[in-house]
Amino acid sequence: MSVAIIKYNAGNIRSVDYALRRLGVEPVITADKELLRRADCVIFPGVGEAATTMRHLCASGMDQVVRELTQPVLGICLGMQLMCRHSEEGDADGLGIFDVDVKRFVPRRHEDKVPHMGWNTIGRTRSALFDGFADGKDEYVYFVHSYYVPLHECTAAVTEYIHPFSAALQKDNFYATQFHPEKSGGVGERILRNFLSLAR
């Protein structure tokens, strides 16, 4: 099975690479458009700033490549946000795969800290990413983000921080997580395994 990680001007790519290697998968990190199109599945990770990253993707033509992929695609953190219609971060238009806008967290109480950082639960899961998860049981995963995706028809998991938001999205062959499965221990490994199994 061939797994491609999209190489672009965003951080955290190596940690995804290491997580996949721990699962016995040797991914290729590439910006080669043909390699991405031929891969059995593609991961679109990211840590960075939305507007700067979208300018880079558009300049390289990678934005159109991602939209046209037909195999399973997994966006992680900034990758998920860039797959949405628009982000308040830098007033940036995204890829428009998910027809929803990305918002900035606005604290309501003194104890509400932004960014939302650390372990939190996901619940109300409904996607092949979460196959094998017990009904009604919340699982802990790792988040680092200041912007969030509101609840939407494509929401595939929900987390509560300041208010409920989309911890995961799914539409057709496109999957996305706001949290970092590669940093989420055994739960994250299960999610990555579930994603990889979609390509088989």
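The values are calculated or read from the model by the stated rules, or taken from the named source; none is laboratory data. All values reported here derive from a predicted model rather than from experimental measurement. Positions of Cβ are backbone-derived with ideal geometry, glycine not excepted, and every protein chain shown enters the neighbour counts. What goes into the accessible areas is simple: the full protein's heavy atoms, side chains included, and nothing from ligands, DNA or RNA. Shrake-Rupley method; radii C 1.70, N 1.55, O 1.52, S 1.80 Å.
In nm, what is the difference between 0.36 nm times the number of residues separating Arg108 and Glu189 and their Cα-Cα distance?
Fully extending the segment from Arg108 to Glu189 adds 25.8 nm.
Determine the shape class of the range 56-96: with a ≥ b ≥ c the square roots of the Cα gyration tensor eigenvalues, call it rounded for a/c under 1.5, and otherwise prolate if a/b is greater than b/c, oblate otherwise.
In terms of gyration-tensor shape, oblate.
Per residue, how much accessible surface does the chain expose to a 1.4 Å probe? Answer in Å², no decimals.
That works out to 45 Å² for each residue.
First measure r as the distance between the Cβ atoms of Asp135 and Ala59, then evaluate 1/(1 + (r/R0)^6) with R0 = 35 Å and state the FRET efficiency to the nearest 0.05.
Taking R0 as 35 Å, the efficiency between Asp135 and Ala59 is 0.20.
Please state the Cα pair-distance histogram of the range 1-57 with 5 angstrom bins from zero: what percent is in each bin?
In order of increasing distance, the bins hold 4, 20, 28, 23, 16, 6, 2 percent.
Report the gain in length on full extension from Asp172 to Asp101: 0.36 nm times residue separation, minus Cα-Cα distance, nm rounded to one decimal.
Once the chain is fully extended between Asp172 and Asp101, it gains 23.7 nm.
So which of Lys113/Lys183; Lys113/Lys171; Lys33/Lys137; Lys7/Lys137 end up more than 28 Å apart by C-alpha?
Correct reply: Lys113/Lys171; Lys33/Lys137; Lys7/Lys137.
Using a Förster radius of 25 Å, what is the FRET efficiency between Ser2 and Glu68 based on their Cβ-Cβ separation? Nearest 0.05, please.
Computed FRET efficiency for Ser2 and Glu68 comes out at 0.90.
At 4 °C and 1.567 mPa s, what whole-number value in µm²/s does Stokes-Einstein give for the translational diffusion of the range 112-166, with Rh from the Kirkwood sum over Cα pairs?
Translational diffusion coefficient: 109 µm²/s.
Could you work out the relative contact order of the chain? I mean the mean sequence separation of Cα pairs under 8 Å and 6+ apart, divided by the number of residues, in percent.
RCO, the chain: 20 percent.
Mean shadow of the range 54-199, computed from the convex hull of its alpha carbons, in nm²?
8.6 nm²
Could you let me know the centre-to-centre spacing of the range 32-93 and the range 99-143, using Cα atoms, in angstrom?
21 Å
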